[in-house]
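Peer 1: I have a structure I would like to understand better, so I am pasting it below and will then ask my questions one at a time.
The values are calculated or read from the model by the stated rules, or taken from the named source; none is laboratory data. Note that the structure is predicted; figures quoted are calculated from it, not measured. Methodologically, a virtual Cβ is constructed for each residue, glycine included, from the backbone with ideal geometry; neighbour enumeration extends over all protein chains shown.
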Amino acid sequence: MAFREYKIGSRMFGLAFGTSMFITLYMPAVDIQNVSATYIAMDRQLSFGRVGGFSYEDPFLQGWGKPITVQISQDPKTGAAIESTRAFVYEEDVPFPNGIRHPRILGKVPAAASESKGRINEASEDQGAVFIVREFVENGVMIPYIENVTATRGWTPSATLAKANDSQRLLVGKGKIMFVREGCWWCHTLLPEQTQDWQYFGAPPMLGDFNGESPTAFGSDRKGPDLTHVGSRNSSREWMVMHFFNPRLVQSHSIMPRYDYLWGEKDASGNVIDYDGWRAAYTAYANGESIYPPEVPLPAADSEARALIDFVLNLK
Amino acid sequence: MFKYLFAKAEDIPAGSAAIYFGYSSIIWFVIGTGLGSFNAAKLAFPDFVMGSEILSFGHMRQVHVLAVILGWISMAFAMAMMYITPALGNTKLWSEKLGVWNCFMWNVGLSIGLFLLWMGVTSGREYSDLPFFIDVIVVLGLLVPLCINVLMTIKTRRTQGIYTTNWFFGAATFMLIIVFTVGNSPEFFQLTGLTEAYLTWWFAHNVLGLWITPVAAAISYYVVPKVTGNPLYSHRIGHLHFWSVVVFYSTPAAHHLMSAPLPEWLKSFASVEGVLILVPAIAFVSNLLLTMTGKWRMFVENIEIKFTITGVLMAIPLNMQGGFQQTRAINWYIHGTGWIVAHAHLALLGFSTFLEAAAVYYGLQTLLRRKLYSLGLANFHFWMLLIGFTTYWVSMTIAGLIQGAGKIYEVPYIDVVIAEHPYMIARWVGGTMVFLGNCVWLYNMYMTARVGTVIPAGRLPHELAYER
């Protein structure tokens, strides 16, 4: 490095690269950080749990350590009838989402409300907790916040789960893991674009709709429809079951792969699924040799297929 | 390779690391394009190989992407750095042993990472899919040793100045460490939401802009003057290229999320900076093409120049697309469609691969001191790559335009799928041609090492006539 030019060049390089990093990393990070989480952001992160990809609690992406979303119409503590409520049950040792662990992520006002009104700082992962999302009006603006109902109303995770039968439980957190692991987002985006696109696929998201969620799994390469609002377009569980087992049953031109392997060994009634027999029967149907396709087995309550279908139906 | 891992430094022949990197990169290229061809078959024929979680499209797509980026392209870069950097400094590689270890770590680390990724262990972020402990291996085992070796070789050079190629090598290896570490930081620091999504694309943009594009260009700054015997047309234009890459090309990351709810100032800034890609692009292309003055017959006769100049010419449509498709005026139409897939393959399989292939062809002949086994097979490789890639690019561009039209006219999505189907088949045909061409290349380079004519001392590979 004998030349003076190289010293100047090195410094210029540091200056140019540093300025570039400042503008493209520091400034946007500060700007995005100042945005408050919306109602949607709180609902999303509470239903997905801490991480939707690789994590310590779930290194093989099996859906371990994820919350359960329930719809209950009875108070878990008193048993009294209440308005139908969506609650997020974190059993013992299920890691809390980022907004609870670091309330700063929620933005100033929602974080303060979640701590004072919602008492989220009293929640403990060791004992588990139940959360709901609520709103209040301040100066004419609706402000969402997270309420730790274990602290405010005494709803324990086990009592809350007991008030919801299987059809009132959505395994959204586990389903998001399936969505990421199976690469659904390589073909289906989760981001209606801000231009004409949203007229077909529904409202594009807002800046605050993702605070606390990780990863967002937006996808970049669309080979199938956007799924952000798919649960509003099609809320039929029967359709989803057939579609995931073999998409050509309900959409003959679909190029989606069959996700029948997510059904596992046994169906909902505990019978062993005969995949080879099913495929042979379907091939006969597709070739016009039989009139009806074979019956699609219902996924078992703890199967990966069920969690993925819960996740997709929950995208509203 | 294994016998040199624990050998004394002076017992390791000069050029060993580059040779291992060269052959590893070709093998990863065969693997990567084989996966690509298999994936494309699944898009064209969805029931092709079904019922297996491991062989499903969603498990293999990201393995294809990272196998070609970190396996083929980056290892070919490492190979080029390990023989070009010392050659330009009139010296030896700073540490041949570190280079051999680097190659060993690269193969092992990448194999583990891609195996886990294939099994479904992913962070869920495109391009930075690898889980964080693999990221640590990549930075400490792959990138840092490479950077140290390149920078120390430049420092211990025995020439007075530093040639253009080595500016790029030194800067890019350093910038890649920063880019890879920062881009994967969401996993360490639990950054969430749009910050995380933005950082994901910041990484994806900069790994192309500050690693693949400049290093590929740097290789051609070496190969073209070396093989043609013409000096580089202009050192000054090289300066313009280098500095405009550092200043402009590190900033437009946000244009990948043009339709996401990012702050508007950020998207506008990224879009304007994105058009400025034309500055380094025009500087690079004009400099190289003017260097060819008087030697254009080599474009036909010499395989390295044929590959390099084809890659350089592909930089023209690549940067014209890249500069303008990210502006709001155009992006709304083609965002998220097959057009982008075509563009990404134009960058990696078109522009960049052709430049690296030339470097690997030339470097392996130089280091092994053996003339290429067969010009016929090399030409076959070239045309399979070029026709296969062109088939892919044209079909995906058309498919993307169909998708764009479907998007704005609110066509039911299944009609778009039906309309795209012929192009999905064409894409598979093109990808398979590339894969078959690479298999032939691997055979050709294997035979070069075994039975290629020995190049006499003091001679350069391109000075000898081809024999087959």
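Peer 1: Out of the residues in the range A:35-55 that are facing chain B (nearest Cβ under 10 Å) and not small (Gly, Ala, Ser), state the one that is surrounded by the most Cβ atoms within 10 Å (Cβ to Cβ). If you could, list the steps in order and put the result at the bottom.
Peer 2: We begin by selecting, within the range A:35-55, every residue facing chain B (nearest Cβ under 10 Å); these are A:35, A:37, A:41, A:44-45, A:50-55.
Remaining after also requiring not small (Gly, Ala, Ser): A:35, A:44-45, A:50-51, A:54.
Values: A:Val35: 20, A:Arg44: 27, A:Gln45: 31, A:Arg50: 26, A:Val51: 28, A:Phe54: 27.
The selected residue is A:Gln45.
Peer 1: When only residues in the range B:221-232 that are under 17 Å from B:Gly161 (Cβ atoms) and surrounded by fewer than 22 Cβ atoms within 10 Å (Cβ to Cβ) count, which is nearest to the other protein chains (Cβ to nearest Cβ)?
Peer 2: Among those that are under 17 Å from B:Gly161 (Cβ atoms) and surrounded by fewer than 22 Cβ atoms within 10 Å (Cβ to Cβ), it is B:Leu232.
Peer 1: Another one. Tally time: how many residues in the range B:99-143 are assigned to a helix (DSSP H, G or I), touching an Asp or Glu at 6+ places or on another chain (Cβ under 7 Å) and over 23 Å from B:Phe21 (Cβ atoms)?
Peer 2: Within the range B:99-143, residues that are assigned to a helix (DSSP H, G or I), touching an Asp or Glu at 6+ places or on another chain (Cβ under 7 Å) and over 23 Å from B:Phe21 (Cβ atoms) number 1.
Peer 1: Sort through B:Gly437, B:Gly406, B:Gly430 and tell me the only one that's assigned to a helix (DSSP H, G or I), touching a His at 6+ places or on another chain (Cβ under 7 Å) and of a type outside the set (Phe, Trp, Tyr).
Peer 2: Values: B:Gly406 fails: touching a His at 6+ places or on another chain (Cβ under 7 Å); B:Gly430 fails: touching a His at 6+ places or on another chain (Cβ under 7 Å).
Of the residues listed, the single one that is assigned to a helix (DSSP H, G or I), touching a His at 6+ places or on another chain (Cβ under 7 Å) and of a type outside the set (Phe, Trp, Tyr) is B:Gly437.
Peer 1: So, one more: May I ask you to say which residue of A:Glu115, A:Glu83 is away from every other protein chain (no Cβ under 14 Å), acidic (Asp, Glu) and in a helix (DSSP H, G or I)?
Peer 2: On the way: A:Glu83 fails: in a helix (DSSP H, G or I).
It is A:Glu115.
Peer 1: May I pose another question? Quick test for you: out of B:Ala344, B:Ala315, pick the one residue that is over 19 Å from B:Cys439 (Cα atoms), at pLDDT 95 or above and buried (at least 24 other Cβ atoms within 10 Å of the Cβ).
Peer 2: Values: B:Ala344 fails: buried (at least 24 other Cβ atoms within 10 Å of the Cβ).
Only one candidate qualifies: B:Ala315.
Peer 1: Moving to a separate point now. Can you tell me which residue within the range A:155-195, out of those that are small (Gly, Ala, Ser) and within 14 Å of chain B (Cβ to nearest Cβ), is farthest from the chain's Cα centre (by Cα)?
Peer 2: Filtering the range A:155-195 down to residues small (Gly, Ala, Ser) leaves A:158-159, A:162, A:164, A:167, A:173, A:175, A:183.
Of the ones still in play, those that are also within 14 Å of chain B (Cβ to nearest Cβ) are A:173, A:175, A:183.
Details: A:Gly173: 6, A:Gly175: 7, A:Gly183: 14 Å.
Taking the candidates together, the pick is A:Gly183.
Peer 1: Ok, one more. Among the residues of the range B:137-155, are any more than 9 Å from chain A (Cβ to nearest Cβ) and polar (S, T, N, Q)?
Peer 2: yes
Peer 1: Let me ask something additional. Name every residue in the range B:177-216 that is buried (at least 24 other Cβ atoms within 10 Å of the Cβ), of a type in the set (Gly, Ala, Ser) and at the interface with chain A (Cβ under 9 Å from one of its Cβ atoms), in order of residue number.
Peer 2: B:Gly193, B:Ala197
Peer 1: Hey, any hits in the range B:327-335 for a residue that's surrounded by fewer than 24 Cβ atoms within 10 Å (Cβ to Cβ) and within 26 Å of B:Val223 (Cα to Cα)?
Peer 2: No - not one qualifying residue is present in the range B:327-335.
Peer 1: Further question on the same structure: For the range B:160-176: of the residues being outside any helix (DSSP H, G or I) and within 10 Å of chain A (Cβ to nearest Cβ), which is farthest from B:Phe242 (Cα to Cα)?
Peer 2: Of the range B:160-176, the ones outside any helix (DSSP H, G or I) are B:160-163.
The next check asks that each one be within 10 Å of chain A (Cβ to nearest Cβ); those that pass are B:160-162.
Numbers: B:Gln160: 20, B:Gly161: 16, B:Ile162: 13 Å.
So, considering only residues that are outside any helix (DSSP H, G or I) and within 10 Å of chain A (Cβ to nearest Cβ), the one farthest from B:Phe242 (Cα to Cα) is B:Gln160.
Peer 1: Considering (1) buried (at least 24 other Cβ atoms within 10 Å of the Cβ); (2) within 27 Å of B:Leu70 (Cβ to Cβ); (3) within 14 Å of chain A (Cβ to nearest Cβ), say which one B:Met424 fails and leave the rest.
Peer 2: Tallying (1) buried (at least 24 other Cβ atoms within 10 Å of the Cβ); (2) within 27 Å of B:Leu70 (Cβ to Cβ); (3) within 14 Å of chain A (Cβ to nearest Cβ), B:Met424 fails exactly one: (1).
Peer 1: Turning to a different aspect of this structure: List pairs: first in the range A:141-168 and buried (at least 20 other Cβ atoms within 10 Å of the Cβ), second in a strand (DSSP E or B) and among the basic types (Lys, Arg), Cβ under 7 Å, 6+ apart or cross-chain?
Peer 2: A:Tyr145/A:Arg134; A:Glu147/A:Arg134
Peer 1: When you check B:Gly400 against the structure, is it more than 22 Å from A:Tyr200 (Cβ to Cβ) and assigned to a helix (DSSP H, G or I), yes or no?
Peer 2: Values: more than 22 Å from A:Tyr200 (Cβ to Cβ): no; assigned to a helix (DSSP H, G or I): yes.
No.
Peer 1: I've got another one for you. Given the options B:Ser56, B:Ser37, B:Ser95, name the one that is of a type in the set (Ser, Thr, Tyr) and within 14 Å of chain A (Cβ to nearest Cβ).
Peer 2: Values: B:Ser37 fails: within 14 Å of chain A (Cβ to nearest Cβ); B:Ser95 fails: within 14 Å of chain A (Cβ to nearest Cβ).
When all the criteria are applied, what remains is B:Ser56.
Peer 1: Being in contact with a helix residue (DSSP H, G or I) (Cβ under 9 Å, 6 or more places away or on another chain), surrounded by fewer than 22 Cβ atoms within 10 Å (Cβ to Cβ) and part of a loop (DSSP other than H, G, I, E, B), is that true of even one residue in the range B:276-291?
Peer 2: Within the range B:276-291, one or more residues are in contact with a helix residue (DSSP H, G or I) (Cβ under 9 Å, 6 or more places away or on another chain), surrounded by fewer than 22 Cβ atoms within 10 Å (Cβ to Cβ) and part of a loop (DSSP other than H, G, I, E, B).
Peer 1: Evaluate the following for A:Ala286: is it in contact with a helix residue (DSSP H, G or I) (Cβ under 6 Å, 6 or more places away or on another chain), surrounded by 15 or more Cβ atoms within 10 Å (Cβ to Cβ), over 30 Å from B:His335 (Cβ atoms) and within 14 Å of chain B (Cβ to nearest Cβ)?
Peer 2: no
Peer 1: Looking at the range B:245-267, can you tell me whether even one residue there is within 8 Å of another protein chain (Cβ to nearest Cβ), part of a loop (DSSP other than H, G, I, E, B), aliphatic (A, V, I, L, M) and crowded, with 18+ Cβ neighbours inside 10 Å?
Peer 2: Yes - at least one qualifying residue is present in the range B:245-267.
Peer 1: If I filter the range A:265-283 down to residues being surrounded by 12 or more Cβ atoms within 10 Å (Cβ to Cβ) and touching a strand residue (DSSP E or B) at 6+ places or on another chain (Cβ under 8 Å), which single residue comes out as nearest to B:Met50 (Cα to Cα)?
Peer 2: A:Ile273
Peer 1: Let me ask something else about it. Just to verify a result, which residue in the range A:246-272, among those that are among the hydrophobic types (A, V, I, L, M, F, W, C) and away from every other protein chain (no Cβ under 11 Å), is nearest to the chain's Cα centre (by Cα)? Outline the logic, then answer.
Peer 2: Restricting attention to the range A:246-272, the residues satisfying the condition of being among the hydrophobic types (A, V, I, L, M, F, W, C) are A:249-250, A:255-256, A:262-263, A:268, A:272.
Imposing the further condition that a residue be away from every other protein chain (no Cβ under 11 Å) reduces the set to A:249, A:268, A:272.
Details: A:Leu249: 26, A:Ala268: 24, A:Val272: 30 Å.
By that ranking, first place goes to A:Ala268.
Peer 1: Looking at this structure, is B:Ala342 out of contact with any Ser or Thr (no Cβ under 8 Å at 6 or more places or on another chain) and among the small types (Gly, Ala, Ser)?
Peer 2: Working: out of contact with any Ser or Thr (no Cβ under 8 Å at 6 or more places or on another chain): no; among the small types (Gly, Ala, Ser): yes.
No.
Peer 1: With the checklist (1) of a type outside the set (D, E, K, R); (2) surrounded by fewer than 19 Cβ atoms within 10 Å (Cβ to Cβ); (3) within 20 Å of B:Trp201 (Cβ to Cβ) in hand, flag the one item B:Gln321 doesn't pass.
Peer 2: (2) is the only condition that B:Gln321 fails.
Peer 1: Take the residues in the range A:196-239 that are polar (S, T, N, Q) and closer than 23 Å to B:Glu126 by Cα, then tell me which one is farthest from the other protein chains (Cβ to nearest Cβ).
Peer 2: Our first condition is that a residue be polar (S, T, N, Q); within the range A:196-239, this holds for A:196, A:199, A:211, A:214, A:216, A:220, A:228, A:232, A:234-236.
Among the residues that remain, those that are also closer than 23 Å to B:Glu126 by Cα are: A:211, A:214, A:216, A:220, A:228.
Numbers: A:Asn211: 5, A:Ser214: 4, A:Thr216: 5, A:Ser220: 6, A:Thr228: 12 Å.
Among residues in the range A:196-239 that are polar (S, T, N, Q) and closer than 23 Å to B:Glu126 by Cα, the one farthest from the other protein chains (Cβ to nearest Cβ) is A:Thr228.
Peer 1: Here's something else I'd like to know. Filtering the range A:185-227 down to residues that are closer than 23 Å to B:Ala419 by Cβ and in contact (Cβ under 8 Å) with a residue 60 or more places away in the chain, which residue is surrounded by the most Cβ atoms within 10 Å (Cβ to Cβ)?
Peer 2: Within the range A:185-227, the match that is surrounded by the most Cβ atoms within 10 Å (Cβ to Cβ) is A:Leu227.
Peer 1: Of everything in the range A:40-80 that's among the polar types (S, T, N, Q) and assigned to a strand (DSSP E or B), which residue is farthest from A:Ser214 (Cα to Cα)? Steps first, answer last, please.
Peer 2: The first filter runs over the range A:40-80 and keeps only residues among the polar types (S, T, N, Q), leaving A:45, A:47, A:55, A:62, A:69, A:71, A:73-74, A:78.
Now narrow it down to the ones that are assigned to a strand (DSSP E or B): A:69, A:71, A:73-74.
Details: A:Thr69: 18, A:Gln71: 24, A:Ser73: 30, A:Gln74: 32 Å.
Only one residue tops the list, namely A:Gln74.
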